[in-house]
2 protein chains.
Amino acid sequence: MLSEEEIEFLEGLQNNTLTVDRAQDFIVENADLRTTFIVIEGWAIRYSDLSTGRRQILSYALPGDILGLHVNFRATATYSASALTPLKLAAVDPRRVIEISQKFPIIAAGLSWCTAREFAILGDQAIRLGRLSARQRLAHLFLELWHRFALIENDNGNWVEIPMTQRDLADTLGMSLVHTNRSLKSLRDAGLVSVSKDYVRLNDVKALIEMSEFNPEHLTEFQI
Amino acid sequence: MLSEEEIEFLEGLQNNTLTVDRAQDFIVENADLRTTFIVIEGWAIRYSDLSTGRRQILSYALPGDILGLHVNFRATATYSASALTPLKLAAVDPRRVIEISQKFPIIAAGLSWCTAREFAILGDQAIRLGRLSARQRLAHLFLELWHRFALIENDNGNWVEIPMTQRDLADTLGMSLVHTNRSLKSLRDAGLVSVSKDYVRLNDVKALIEMSEFNPEHLTEFQI
DNA sequence: AAACCAGTATAACATATGTTAATCTCAAAC
DNA sequence: GTTTGAGATTAACATATGTTATACTGGTTT
């Protein structure tokens, strides 16, 4: 779909890669940010710390996702980001992003699509936090991740990788650790999901979509 | 700051304006969206409807704010938008947005800043919904609106315009109508805010910032 | 001026979720 | 092969928030 020249430029972006250890921050809220990051391998979280160890995870970044796309050449980060798993990133100068998207309209459209998508994902997060019950939040998040993986993997069956701890899940879904555990058990007991180390199996996707009011339309593939 | 030519183009965008009555939708979730809207006058809300009349308001759009900035020429809206007050909008073809931002790098940087800001505002909304108590949510939202108005008005004193009903506030903050009323009373009783029709007075901004863990850094002015 | 209606206010009660604390599991470290 | 510690599980209890219902307020319609 892309021309050779376009692909060459995109690959050129990956010249400057770095690895980040698990639990290590690579974007720090309120600090200077002059870099755009593309996730190549692993999971990252965007989050914000509140007082006394309280934390809100805002979103997950998976391979192919971009962090800091709208950094001008000087900006202050409005969130922190850290590696949930060992992470491989490409670090790109935001001026190069602009330059490339001006040269290649299709890439520009792709970036625009990325932005709209990230926006939709964060909107879904607000819906979860604002209007869903604990069980619904869990189901809704699993469905989001399952749909997102469906777009970057060949066949993921009914399994979703869940590398985060229940503490992380709780901080994502705005609930306590104990209640997260309770609600997860309740989903298990209802037969809706099966849980094993680092994976969750969605036993009845249709029922999960129904009970959590998930809208798959928010996560569709890029098309121009 | 901008050249004459730049200003001329920006004003050209306002050729195609429209007015929207209170409570009327102009973007409908899951429907086709081919237009970018700039708010010229009034308030809009972005929201999503759930089953049985439940609703989550995602954000407020004030004069100068842009909706649907990252619509490619064909897209499906992932949220609805409607007029909270009588509204005046500029409707812009997203292709023109791209064209103009390619011609004028400063405008492109401004749009990029708009996007980052909208993102930060939605992140703050997630923090409110996920990790703040009812009283904190109210205070935090008032502070957000107060700071945003401070950037577009000369002097707004300690007053914030609040054209929304308590039903709207409840749907913004993910709480019930009754509890919204209760918590608002509690803020009043504590002397932190004074409420009169369509306005709230922030009696002690510093205390409100402290008690709601508001971060003013997320809402700074555009600078290049 | 009576009737109406959207919005606000308050009370009484129900429940989902938070808190504290104790135990259990299992893989990594020594 | 013990020890250790992070993570998961469960119980008992506390509380913030939701629900239902009723009344109040003030502007608009007739």
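Summed over the stretch A:195-209, residues that are without any contact (Cβ under 8 Å) to a residue 12 or more places away in the chain, under 17 Å from A:Leu143 (Cα atoms) and charged (D, E, K, R) total 1. Screening the stretch B:19-36 for residues that are among the hydrophobic types (A, V, I, L, M, F, W, C) and surrounded by fewer than 13 Cβ atoms within 10 Å (Cβ to Cβ) and picking the one that is farthest from B:Asp65 (Cα to Cα) gives B:Ala31.
If only residues of the stretch B:75-84 that are more than 13 Å from the chain's Cα centre (by Cα) and more than 8 Å from chain A (Cβ to nearest Cβ) are counted, the one that is surrounded by the fewest Cβ atoms within 10 Å (Cβ to Cβ) is B:Ser80. Apart from one condition, A:His218 fits all of (1) more than 11 Å from every other protein chain (Cβ to nearest Cβ); (2) modelled with pLDDT under 95; the exception is (1). All of (1) within 16 Å of DNA strand C (Cβ to nearest atom); (2) within 22 Å of A:Ile57 (Cα to Cα) hold for A:His218 with one exception: (1). List pairs: first in the stretch B:99-115 and more than 18 Å from A:Ile106 (Cα to Cα), second polar (S, T, N, Q) and assigned to a helix (DSSP H, G or I), Cβ under 7 Å, 6+ apart or cross-chain? Cβ pairs passing all conditions: B:Ile107/B:Ser101; B:Leu111/B:Ser101; B:Thr115/A:Thr115.
Yes or no, residue by residue, for (1) free of Cβ contacts under 8 Å to residues at least 24 places away in the same chain; (2) within 15 Å of DNA strand C (Cβ to nearest atom):
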position	(1), (2)
B:Glu118	no, no
B:Gly123	no, no
B:Ala126	yes, yes
B:Gln136	no, yes
B:His147	no, no
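Could we say that B:Thr17 is within 25 Å of A:Pro216 (Cα to Cα), in contact with a Lys or Arg (Cβ under 9 Å, 6 or more places away or on another chain), more than 10 Å from chain A (Cβ to nearest Cβ) and in contact (Cβ under 8 Å) with a residue 60 or more places away in the chain here? In short, no.
Out of all the residues in the stretch A:175-187, is one or more within 16 Å of DNA strand C (Cβ to nearest atom), under 30 Å from B:Asn30 (Cβ atoms) and within 14 Å of chain B (Cβ to nearest Cβ)? Checked against the condition, which is being within 16 Å of DNA strand C (Cβ to nearest atom), under 30 Å from B:Asn30 (Cβ atoms) and within 14 Å of chain B (Cβ to nearest Cβ), the stretch A:175-187 yields at least one hit. Looking across B:Met211, B:Met175, one residue alone is surrounded by 14 or more Cβ atoms within 10 Å (Cβ to Cβ) and in a loop (DSSP other than H, G, I, E, B). It is B:Met175. Here B:Val193 fulfils each of the conditions (1) of a type in the set (Val, Ile, Thr); (2) away from DNA strand D (no atom under 14 Å from the Cβ); (3) within 14 Å of another protein chain (Cβ to nearest Cβ) apart from (3).
If only residues of the stretch A:196-208 that are assigned to a helix (DSSP H, G or I) and surrounded by 15 or more Cβ atoms within 10 Å (Cβ to Cβ) are counted, the one that is farthest from the other protein chains (Cβ to nearest Cβ) is A:Val205.
Is it the case that the stretch B:35-57 has a residue that's outside any loop (DSSP other than H, G, I, E, B) and over 24 Å from B:Asp168 (Cα atoms)?
Here is the first cut: in the stretch B:35-57, the ones outside any loop (DSSP other than H, G, I, E, B) are B:36-41, B:44-49, B:55-57.
Narrowing further to those that are over 24 Å from B:Asp168 (Cα atoms): B:36.
Looking through the stretch B:35-57, at least one residue is outside any loop (DSSP other than H, G, I, E, B) and over 24 Å from B:Asp168 (Cα atoms).
Of all residue pairs spaced 6 or more apart or on separate chains, those with beta-carbon atoms under 6 Å, a first member in the stretch B:176-194 that is assigned by TED's automatic domain parsing to the domain that holds B:Ile162 and closer than 24 Å to A:Ser133 by Cβ and a second member that is charged (D, E, K, R) and more than 9 Å from DNA strand D (Cβ to nearest atom) are B:Leu177/B:Arg167. Look at (1) touching a residue at least 60 places away in the same chain (Cβ under 8 Å); (2) more than 11 Å from chain B (Cβ to nearest Cβ); (3) closer than 21 Å to A:Gly123 by Cα and you find that A:Leu169 fails only one, number (1). When the stretch B:109-145 is limited to residues that are aliphatic (A, V, I, L, M) and facing chain A (nearest Cβ under 7 Å), the one that is farthest from the chain's Cα centre (by Cα) turns out to be B:Ala109. Within the stretch A:132-157, if we keep just the residues that are polar (S, T, N, Q) and modelled with pLDDT of 95 or more, the residue that is nearest to DNA strand D (Cβ to nearest atom) turns out to be A:Ser133.
The values are calculated or read from the model by the stated rules, or taken from the named source; none is laboratory data. Just so we're clear, the structure is a prediction, and the values are computed from it rather than from any experiment. Methodologically, a virtual Cβ is constructed for each residue, glycine included, from the backbone with ideal geometry; neighbour enumeration extends over all protein chains shown.
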